[in-house]
1. Among the residues in region 265-276, are any modelled with pLDDT under 95, in a helix (DSSP H, G or I) and not assigned by TED's automatic domain parsing to the domain that holds Pro341?
2. Within region 280-297, track down each residue that is more than 12 Å from Val200 (Cβ to Cβ) and in contact with a strand residue (DSSP E or B) (Cβ under 6 Å, 6 or more places away or on another chain).
3. What pairs come out if I take residues in region 362-376 that are of a type in the set (Lys, Arg) and pair them with residues that are open to solvent by less than 40 Å² (accessible area, probe 1.4 Å) whose C-beta lies under 8 Å away, six or more apart or interchain?
4. Listed residues Leu25, Leu63, Leu50; which is at pLDDT 95 or above, over 15 Å from Val124 (Cβ atoms) and open to solvent by less than 10 Å² (accessible area, probe 1.4 Å)?
5. For region 170-188, give me each residue that is away from the ligand (no atom under 14 Å from the Cβ) and part of a strand (DSSP E or B).
6. Picking from Pro144, Pro154, Pro80, which residue would you name as being under 19 Å from the mean Cα position of the chain (by Cα), surrounded by fewer than 24 Cβ atoms within 10 Å (Cβ to Cβ) and at pLDDT 95 or above?
7. Is it true that Asp32 is open to solvent by less than 40 Å² (accessible area, probe 1.4 Å), among the acidic types (Asp, Glu) and touching a residue at least 60 places away in the same chain (Cβ under 8 Å)?
8. Could you figure out which of (1) in a loop (DSSP other than H, G, I, E, B); (2) closer than 30 Å to Val245 by Cα; (3) within 16 Å of the ligand (Cβ to nearest atom); (4) not charged (D, E, K, R) isn't true of Val351?
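The values are calculated or read from the model by the stated rules, or taken from the named source; none is laboratory data. Remember, it's a predicted structure, so these values are computed and weren't measured experimentally. Because the Cβ atoms are built from the backbone with ideal geometry, glycine has one as well, and the counts that use them run over all protein chains shown. Quick note on the areas: whole protein, heavy atoms, side chains included, nothing else; ligands and nucleic acids left out. Shrake-Rupley method; radii C 1.70, N 1.55, O 1.52, S 1.80 Å.
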Amino acid sequence: MNPTTPAATRTAEIAARLAPEMTALRRRLHADPELELQNPRTQRAILDQLAGLELEITTGSGLTSVVAVLRGGKRTESSPVVLLRGDMDGLPVAERTGLDFASSNGLMHACGHDLHVAGLVGAVKILHELRAELAGDVVFMFQPGEEGPGGAAPMIAEGLLTAAGRRVDAAYALHVGAAGHPKGTWSGRPGPLMSAADEVYLTVVGRGGHGSQPFLAKDPVPVACEIVLALQTMVTRRFDIFDPVVVTVGKISAGTKDNIIGDTAVIEATVRTFSTENREQIQREIVQLANGICGAHGLTAEIDYRPGYPVTVNDPDEYALMVATVTEMFGAERFFEMPFPEAGSEDFSFVANEVPSSYLFLSAAPGDEPKSAPDNHSALATFDDSVLADGAALLAEVALRRLNR
Ligand SMILES: [Zn+2]
């Protein structure tokens, strides 16, 4: 097998040349994280990096997103459009890494999104150098709010997927990790990659009274307890164990004092599913179960089901392209196919719901003990930014191959 194509060599070569400026950008961003949907300083840094390039740039109106369209020199009106995505936001974590470019503003790039921005800027510059030979267009998606409340859905509503004038045909993203596999290892799987994460707020509505005379009241507490237990039974009896469902009641609250029956009891639960079918079914089951148990005791249920991020699904064909590119560029020994999905969730799922997509993990774990390193979201998490060139080259190469195949 020929390990690298000439194109692969060129994207990797350009990425290696850009590595020092990607590293510098990443460290500037790391020192100054921002939260949620408003990341104006990060947006400014991206726009400064893209200034002077032949791009069509738009910024978000409801959020500080950046969308850049690169027109390929070999494009026609019917040639494909691919999308590459990087998220921008940090977390409300007080950094304790001791790095000389650590954040001191009380927030932290504890999930490595600073590397995602710097890597995607690198991918823009690589593909810009190669633009004469691209047989299609590339949409670069810089999105805030991945850690919540979600930036992908508003960007789609503002026209992201038709930014090139035609609809995006395929989308790709990657995520760096601070722990787990050795640095430079890629991982992923076809089909479901990460779970959907929904919240449910379930109020058992009874009628309060004196604790000594429960027959005169409608006590919501035993009914709420019955619901909590029945939820677990329902999960095991109503769902295939090979398509897992997790329901965890993380909070239950009722009452004020031992001898007072309150009016209501509130159950708060997180719901994780790995298929759209289960995600729809569990919502119906929870409503039916809560109404049924409350009704059996003469009480009523009020159910506030709040959908979060959908299941992140890797399209088999786009995933195969991404994996083939990884193994050809970096060697098969640097790719690991995950046997199971992860129970985390991802805002990119809104894009993947709309167009065939693929998403891979890239380990940026520092040192020789990646398994015991502090993981993403920890105040001690560190990301080795020597992986930036590989990440940028991979995204650029996948886009190039998808457009020119
Ligand atoms: Zn993240």
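1. Checked region 265-276: at least one residue is modelled with pLDDT under 95, in a helix (DSSP H, G or I) and not assigned by TED's automatic domain parsing to the domain that holds Pro341.
2. Matches in region 280-297: Asn291, Cys294.
3. Lys371/Ala179; Lys371/Gly180
4. It is Leu63.
5. Here is the first cut: in region 170-188, the residues away from the ligand (no atom under 14 Å from the Cβ) are 170-172, 181-188.
Answer for region 170-188, where residues must be away from the ligand (no atom under 14 Å from the Cβ) and part of a strand (DSSP E or B): Ala170, Ala171, Tyr172, Trp186, Ser187, Gly188.
6. Details: Pro144 fails: surrounded by fewer than 24 Cβ atoms within 10 Å (Cβ to Cβ); Pro80 fails: under 19 Å from the mean Cα position of the chain (by Cα).
Only one candidate qualifies: Pro154.
7. So Asp32 fails the test.
8. All conditions are met except number (1).
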